[in-house]
Amino acid sequence: MNRSAPAAITGIGCLSAAGMSLKENMVSLFAGKRCAAPPERFTSSHPLHYPVFEILKDPSPGNNPENKDILRTCRLGLSAVNEALLDAGLGPEDLTRLRVGVCMGTTVGSTMTDEEFYRNFRGGMRPGMTMIERFLKSNPASVIAREFNLKGPCQTVVNACSSGTDAIGIGASWIRSGMCDMVIAGGADELCRVTYNGFISLMITDDSPCRPFDRDRKGLNLGEGAGILILESDRILRDREKPARAFVLGYGSACDGYHLTAPSPEGKGLKNALTDALLESGKTAGDIAFINAHGTATRDNDRTEAMVLAEMLPDVPFFSTKGYTGHALGAAGAIEAAFTVACLESGMIPSNAGFASLDPELGVSPVYENTRISRNVAVSDSLAFGGHNAALVLGLERV
């Protein structure tokens, strides 16, 4: 892969259980605040009440009448988009004059999760199509494009838990190719009973707050939220006289196809994704301030990821933020990209929530206290079901 021109990041929006804005999230991370609790929006008959990281406020559906009855995933996404546009100094009228694309990652947002419809259908009833129509109107990328009357490319990425990372990487490629003046890129996902019970059935869910990379980790906690980056071309930056907050310096994506849910034990896919991202960015391990790791707190993910990071980026500090947000699935990589930029700007990285004991099998440990950093480049990576792996190299400067 050849080195490509960086794509500028001018606005960021983010919401999760740790906060309803990027600023609120970062306050929670550096304060070590965690809010895992049994779900409130739905119930489960499972005898154990597994904690989740839930957003209890209900975001607005936006102003477009067609978006009045959209899925919650789209409401989360729109909330993050509005914050990102405000951060970038953009209004709806500014977008109509530009070629603006939308690239969104999701998992739950691509799934028909209306239990009442299925229950009635299986019970011999003939339920109306209202719920189906609602689902068809709730493609996250389409909802955003409709809200702001955007005419550029519009794509929803469904690559399991790497979806948000992939969406940002794809959006950056649209900027570099000249296809777009601007791209709204990121991910959004909601909690629901289907995924809650599904992950419990896989036996990779912890019945207490999760502990990424810890010796006694038992599994993940689910979360929800959205992360959005506004990406802009150099020409638009010059016209707007807008300074960039950061840059997407490199992106890599690879699928090892090892297993439906487990990562390759050798980490082949992650190694390939990191190699491509670093090569495209022109950076080496010595340039990297930290790694915002996927860190789900499952036995297999943390073992494989720690092994790869120790081999490819030795002695680079790493941490997982899923101890603060839970695993937001298709939104996770986008939320973590937002956190990565904010950490670079603050010159500080948060402690790895839940970590207490070194796992001798890993041989490395995440940061366990808030830690100062001096370099201005970082890596954010994602591992996903189906063997998907993705990585971003993000930096505060263009070179």
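The values are calculated or read from the model by the stated rules, or taken from the named source; none is laboratory data. None of the values given here were measured: they were computed from a predicted structure. Positions of Cβ are generated from backbone atoms using ideal geometry, with glycine treated the same way; all protein chains shown enter the neighbour counts.
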Which residue pairs have Cβ atoms under 7 Å apart, sit 6 or more places apart or on different chains, and have a first residue in the stretch 137-159 that is over 29 Å from residue 387 (Cβ atoms) and a second that is acidic (Asp, Glu) and surrounded by fewer than 21 Cβ atoms within 10 Å (Cβ to Cβ)?
-> 137/66; 146/66
Could you say whether any residue in the stretch 129-136 is in a helix (DSSP H, G or I), touching a residue at least 12 places away in the same chain (Cβ under 8 Å) and surrounded by 20 or more Cβ atoms within 10 Å (Cβ to Cβ)?
-> no
Which one of these does residue 45 not meet: (1) of a type in the set (S, T, N, Q); (2) touching a residue at least 40 places away in the same chain (Cβ under 8 Å); (3) not in a helix (DSSP H, G or I)?
-> (2)
Where residue 195 falls short, out of the listed (1) assigned to a loop (DSSP other than H, G, I, E, B); (2) touching a Leu at 6+ places or on another chain (Cβ under 9 Å); (3) within 30 Å of residue 300 (Cβ to Cβ) = (1)
Over the stretch 54-71, the set of residues in contact (Cβ under 8 Å) with a residue 60 or more places away in the chain, part of a loop (DSSP other than H, G, I, E, B) and not charged (D, E, K, R) is 55, 62, 63, 64, 70, 71
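Restricting attention to the stretch 146-153, does a residue exist that is within 18 Å of the chain's Cα centre (by Cα) and surrounded by fewer than 22 Cβ atoms within 10 Å (Cβ to Cβ)?
Among the residues of the stretch 146-153, not one is within 18 Å of the chain's Cα centre (by Cα) and surrounded by fewer than 22 Cβ atoms within 10 Å (Cβ to Cβ), which makes the answer no.
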What pairs come up if the first residue lies in the stretch 190-213 and is of a type in the set (Gly, Ala, Ser), the second is part of a loop (DSSP other than H, G, I, E, B) and surrounded by fewer than 19 Cβ atoms within 10 Å (Cβ to Cβ), and their beta carbons are under 9 Å apart, counting only those six or more places apart or on different chains?
-> 208/218
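So that you can scan it fast, the table gives a plain yes or no per residue for (1) in contact (Cβ under 8 Å) with a residue 40 or more places away in the chain; (2) over 17 Å from residue 379 (Cβ atoms); (3) of a type in the set (Val, Ile, Thr):
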site	(1), (2), (3)
272	yes, no, no
275	no, no, yes
313	yes, no, no
321	yes, no, yes
The condition of being hydrophobic (A, V, I, L, M, F, W, C) and either modelled with pLDDT under 95 or assigned to a helix (DSSP H, G or I) (or both) holds, among 231, 249, 278, only for 278
Is the stretch 347-354 home to any residue that is farther than 24 Å from residue 274 by Cα, surrounded by 16 or more Cβ atoms within 10 Å (Cβ to Cβ) and not hydrophobic (A, V, I, L, M, F, W, C)?
-> yes
Tell me which residues, restricted to the stretch 198-227, are of a type in the set (Val, Ile, Thr) and in contact with a Cys (Cβ under 7 Å, 6 or more places away or on another chain).
-> none
Taking the stretch 252-275 and keeping only residues that are among the polar types (S, T, N, Q) and outside any strand (DSSP E or B), one is left with 261, 264, 272, 275
Pairs, please: C-beta under 6 Å, at least 6 apart or cross-chain, first residue aliphatic (A, V, I, L, M) and in the stretch 230-253, second surrounded by fewer than 20 Cβ atoms within 10 Å (Cβ to Cβ)?
-> 246/396
Only one residue in 277, 285 is crowded, with 24+ Cβ neighbours inside 10 Å and within 30 Å of residue 399 (Cα to Cα), so which one is that?
-> 277
Go through the stretch 99-128 residue by residue and tally those that are surrounded by 11 or more Cβ atoms within 10 Å (Cβ to Cβ) and part of a loop (DSSP other than H, G, I, E, B).
-> 8
Take the residues in the stretch 83-97 that are surrounded by fewer than 18 Cβ atoms within 10 Å (Cβ to Cβ) and touching a residue at least 12 places away in the same chain (Cβ under 8 Å), then tell me which one is farthest from residue 246 (Cα to Cα).
-> 96
Please enumerate the residues belonging to the stretch 352-386 that are among the small types (Gly, Ala, Ser) and farther than 25 Å from residue 249 by Cα.
-> 353, 354, 356, 357, 363, 365, 386
